[in-house]
Every structure is written in C-alpha cells, then in structure tokens.
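One structure is given here, and the rest of the page talks about it.
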Amino acid sequence: MPLSRGLVFALVVFSSLLTDGYQNTTESPQLHCVLHSNHTACSLAVGAGILTFLSCLVFLALDAHRAHVVNTHLKVVLRLLDIILAVLWAVIWFMGFCFLVNQWHHSSPKEFLMGSASAKAAITFAFFSIFVWIFQAYLAFQDLWSDVAVPYKRCLDESGVVLTTLSPLSTSSSVNMPTSGPTSQTYSSSALSPYTTTLKAPCLAMMPDS
C-alpha cells in the first residue's frame, strides 16, 4: 500500500537525521548538520518527514472512513484533495532529494566521525518517497475516474413496444402508402418523427376445435 510505505519512508528520513544527523567536529563540541554543516538541509528533511508522516496518518484515517461517506460531492472533494497532496509531496520530495544530494556531495567525509550512514539513509528514502507519492497520485486519480458518472444508453422494452432511434431521412424522400385502399395518400418524410415504434408480432395460440 503506497500510504503505508510513504509513512515508513518518512519515518526513516526524519528519525535517522534526528538520531545521528547532528554531530560535533573534533575541534568544537557544537552540533552541526552532517550535510555540509547546513542546518537548513537537516531541518528541511526532518520537517518534510514529520509532515509527511502526519499526512499519511490522516490519509489512512480518511480511507478507513471513506466507505461510510454517503455524500457524492464530499467523496469527490476528498479524492481531489488526495490527488493534490500526493502531487505536492512528490514535488517536495524531489526538490528535497536534489538538495540533500547536493549538500552531501559538498560534505567532507572526514569532517564528522559519525552520521554518514544516517545521511545516506535519509537521502535514499527521500528518493524512494518520490515514486511512492507519484504512485499514490495515480491511484487516487484512477479511483476518482472510476467514480465519475458517465452517460449510458437504455433500451426501453415495455408492453411489446421497442423504441429504436433512426437516423433522419432526407427531406426529398417520401413514403408511399399502399394504393389498394380507398384513401391512398403520399406522406412526406419530414412529417415523420425520428423515433419510430416497432411493434412486436402478436403471439399465435392454437384454439381447440369446436
């Protein structure tokens, strides 16, 4: 399930940086971010991870109660919100991944004694989070598309009358009635309705001999 994976990935990102993401150098006891001593990089990853973790919890709660929602418009709004937030988190994690990689590339490997494993874990799971949220947006869009009302055709068959739609005839053509009757007339096709009724043939029953 994408939401559960996104929750786990976000948990790994912010927990790894909160655990070993801040280290002191050999010259100073002051804590620095292991990503090029840039506190913005660590703060961004930790903040994005915590907010993503909370968003996943909210999404999971909404999915659990979505079956009890009767209002159709509310369901559409929830699915649209799901799509928007999923796309937003995919963009944020993409930008965050690029920023973290850039800062790690400029970091000195010997500047800190520890914390490199936590930085690599945060970068790796930030990268995986991009595809998780893209897939979540795709599932939300597919779910929304499947619930959209589409026009449908109905064939009416009641009391032996079948209604069929015919293409309009040209105005120049005419329908000639049989001339065997005393009142034979010619009717223009413009007077005909585009909807004609076709009666079913009556059922023949065998009558007992008298």
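The values are calculated or read from the model by the stated rules, or taken from the named source; none is laboratory data. Source: prediction; values computed, not measured. Neighbour counts are summed over all protein chains in view; Cβ atoms, including those assigned to glycine, are modelled from backbone coordinates with ideal geometry. Remember, those area values only see protein heavy atoms, side chains included, never the ligands or the DNA or RNA. Shrake-Rupley method; radii C 1.70, N 1.55, O 1.52, S 1.80 Å.
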- prompt: Quick one: with all protein chains in place, what share of the accessible area of the stretch 1-87 is carbon or sulfur, to the nearest percent (1.4 Å probe)?
  reply: 70
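Stretch Asn24-Phe131 to full length: gain in nm at 0.36 nm per residue minus the Cα-Cα span? Let's see the in-between values first.
Details: separation 107, 0.36 × 107 = 38.52 nm, distance 3.38 nm.
Length difference between fully extended and current span is 35.1 nm.
May I ask you to compute the full-extension gain from Ala61 to Val91, defined as 0.36 nm times their residue separation minus their alpha-carbon distance, rounded to one decimal in nm?
Separation in residues times 0.36 nm, less the Cα-Cα distance, equals 8.5 nm.
Pulled fully out, how much extra length does the chain show between Ser4 and His73, if you take 0.36 nm times their separation in residues and subtract their Cα-Cα distance? Each step should come with its number before you reach the end.
Details: separation 69, 0.36 × 69 = 24.84 nm, distance 2.64 nm.
Working it through step by step, the gained length comes to 22.2 nm.
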task: Quick one: net charge around Ala137, please, counting Lys, Arg +1 and Asp, Glu -1 for every other residue with C-beta under 13 Å from its C-beta.
output: -1
message: Keeping all protein chains in the complex and leaving out DNA, RNA and ligands, what accessible area do you get for Trp133 with a 1.4 Å probe, in Å² to the nearest 10?
response: 0
